[in-house]
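Here's the structure we're looking at; comments come further down.
The values are calculated or read from the model by the stated rules, or taken from the named source; none is laboratory data. All of these numbers come straight from a predicted model, not from anything done at the bench. Cβ coordinates were reconstructed from backbone atoms using ideal geometry, including for glycine residues, and neighbour counts include every protein chain displayed.
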Amino acid sequence: MRKNIVAGNWKMNNDLAQTQDLITDLENKKNTGNAEVMIAPAFTNLFSAFNALKDSPIEVVAQNMHFASNGAYTGEVSAAMLKSVGVKTVILGHSERRAYFGETDQVLAQKVDAALAADLRVVFCFGEELADRKSGNEESVVSSQIKNALFHLDASAFKNIVLAYEPVWAIGTGETASPEQAQDMHKFIRRTLNSTYGDNIAESMSILYGGSVKPANAKEIFSKPDVDGGLIGGAALNANDFYAIVNAF
Ligand code: 13P
């Protein structure tokens, strides 16, 4: 069966001391729900976060990586480097990477391949922009993002992929997709997977929703049958809020 996951994407927030403080706060919280918990601190803080959480069920994951294994790519970090500090999962395809750093579906396909080849699990993000939704094109945008980056893979690869639907218009805006909008899109994503890879894969994939998830709306969003968790930005920076979301499961 698919897993419930709540992942905190810290984005470019928290220096080393702040990372350590937030981890201490998180460790004082109780996971009373039934979701796995991940946090994604900045690259510079992964090693310290991993060591601090070595004996904890909270998994430390990375926000990005490069597709090459090494070489002249100034400022970049490889899968092997992530693994060497204990990381087992990497977020790829976040809309901020696509919008501000020009990551295309083709680049993301290469990153997915490199991560899987290195035995990293991938949290693959995608989602339409406001203009796409206004023009009724959200499903075609989402289906091409998924197909272009993932549908060259063998079925067996999907056990190491988690999907994260994050409509761009809901990220950091305070405007959440309604639980029905999230459910409709997640169901569509499962249908898209089903048409190429069949029912087993479609039903076994965890599909997270991201975009202004807060303690006040998490329970309703997570109650939808095709929503298997959340990718949390702003609310993941506060331990009380994050665990209120975690425990909404
Ligand atoms: P917010 O929760 O701040 O809207 O961010 C969502 C997100 O981008 C998580 O990756």
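How many residues are closer than 22 Å to Ile221 by Cα and assigned to a helix (DSSP H, G or I) when one looks only at the range 147-175?
3
Can Arg133 be described as free of Cβ contacts under 8 Å to residues at least 24 places away in the same chain, among the charged types (D, E, K, R) and either farther than 18 Å from Val6 by Cα or surrounded by fewer than 16 Cβ atoms within 10 Å (Cβ to Cβ) (or both)?
Criteria not met by Arg133.
Among the residues of the range 120-143, which ones are in a loop (DSSP other than H, G, I, E, B) and within 17 Å of the chain's Cα centre (by Cα)?
Answer for the range 120-143, where residues must be in a loop (DSSP other than H, G, I, E, B) and within 17 Å of the chain's Cα centre (by Cα): Leu120, Gly127, Glu128.
When you scan the range 66-110, how many residues do you find that are buried (at least 18 other Cβ atoms within 10 Å of the Cβ) and within 16 Å of the ligand (Cβ to nearest atom)?
The qualifying residues number 12.
Just to verify a result, which residue in the range 202-244, among those that are within 11 Å of the ligand (Cβ to nearest atom) and charged (D, E, K, R), is surrounded by the most Cβ atoms within 10 Å (Cβ to Cβ)?
For the range 202-244, the residue satisfying everything is Asp241.
Could you please give the count of residues in the range 192-227 that are touching a strand residue (DSSP E or B) at 6+ places or on another chain (Cβ under 9 Å), part of a loop (DSSP other than H, G, I, E, B) and under 23 Å from Ser140 (Cβ atoms)?
Looking only at that region, the number is 5.
Search the range 164-176 for residues that are charged (D, E, K, R) and pair each with any residue that is assigned to a helix (DSSP H, G or I) and more than 9 Å from the ligand (Cβ to nearest atom) when their beta-carbon atoms are under 8 Å apart and the residues are at least 6 apart or on different chains.
So the pair list comes out as Glu175/Trp169.
State yes or no: is Ala182 within 15 Å of the ligand (Cβ to nearest atom) and either assigned to a helix (DSSP H, G or I) or under 17 Å from the mean Cα position of the chain (by Cα) (or both)?
yes
Among all residue pairs at least 6 apart or on different chains, which show Cβ distances below 8 Å where the first residue, located in the range 229-242, is more than 18 Å from Cys125 (Cβ to Cβ) and the second is polar (S, T, N, Q) and more than 6 Å from the ligand (Cβ to nearest atom)?
Taking only residues 6 or more apart or on different chains, the pairs are Leu237/Asn13; Leu237/Asn14; Ala239/Asn28.
Looking at (1) closer than 21 Å to Lys3 by Cβ; (2) within 16 Å of the ligand (Cβ to nearest atom); (3) within 17 Å of the chain's Cα centre (by Cα), find the lone condition where Ile189 falls short.
Unmet condition: (2).
One line per residue, one yes/no per condition, for (1) modelled with pLDDT under 95; (2) of a type in the set (Phe, Trp, Tyr):
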position	(1), (2)
Asn9	no, no
Asp25	no, no
Gly33	yes, no
Met38	no, no
Phe67	no, yes
Glu76	no, no
Ile91	no, no
Ala109	no, no
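At negative phi and either away from the ligand (no atom under 15 Å from the Cβ) or among the charged types (D, E, K, R) (or both): does that describe Pro167?
no
Looking at the range 178-192 only, could you name the residues that are in contact (Cβ under 8 Å) with a residue 40 or more places away in the chain and either over 18 Å from Lys219 (Cα atoms) or in contact with a helix residue (DSSP H, G or I) (Cβ under 8 Å, 6 or more places away or on another chain) (or both)?
Correct list: Pro179, Ala182, Met185, Phe188, Ile189, Thr192.
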